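Take a look at the structure below.
The values are calculated or read from the model by the stated rules, or taken from the named source; none is laboratory data. Computed from a predicted model, the values in this text were never measured in an experiment. Here the Cβ positions follow ideal geometry from the backbone for every residue, glycine too, while neighbour counts run over all protein chains shown. Side chains included, ligands, DNA and RNA excluded: accessible areas come from the protein's heavy atoms. Shrake-Rupley method; radii C 1.70, N 1.55, O 1.52, S 1.80 Å.
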Amino acid sequence: VQLQASGGGLVQAGGSLGLSCTASRSIFSINRMSWYRQAPGKQRELVASITSGGNAYYADPVKGRFTISRDNAKNTVYLQMNSLKPEDTAVYYCKADWGYTSYWGQGTQVTVSS
């Protein structure tokens, strides 16, 4: 499975961005798709994930601001990010868990200016 992430960019604090991650194959049977982020000098951390059944999980720092969704027909998972803060600045990666194998996308930079 190849994952192509897009949608990153530069935005002012309080603004919004939407990320997309499109898979090279159907995501219908992919157990879980997730967004992670990695800020400079920090470990990669889970931001949000969504199961094949549509159950979503959010890390505490993004609860109420970010929304993850998936469109199986388009083989795409989305991350809508609202009320962005400078501390959201990071490279965002999508990940697909299919069976016992994980696949990562290439990452997209999100920069939030104060």
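Consider the stretch 31-64 and keep the residues that are among the hydrophobic types (A, V, I, L, M, F, W, C) and part of a strand (DSSP E or B). The one that is farthest from the chain's Cα centre (by Cα) is Ala56. Which one of Ala96, Ala73 is open to solvent by 40 Å² or more (accessible area, probe 1.4 Å) and of a type in the set (A, V, I, L, M)? Exactly one of Ala96, Ala73 is open to solvent by 40 Å² or more (accessible area, probe 1.4 Å) and of a type in the set (A, V, I, L, M), namely Ala73. Of all the listed residues (Thr22, Thr67), the sole one being free of Cβ contacts under 8 Å to residues at least 40 places away in the same chain, surrounded by fewer than 20 Cβ atoms within 10 Å (Cβ to Cβ) and under 13 Å from the mean Cα position of the chain (by Cα) is Thr67.
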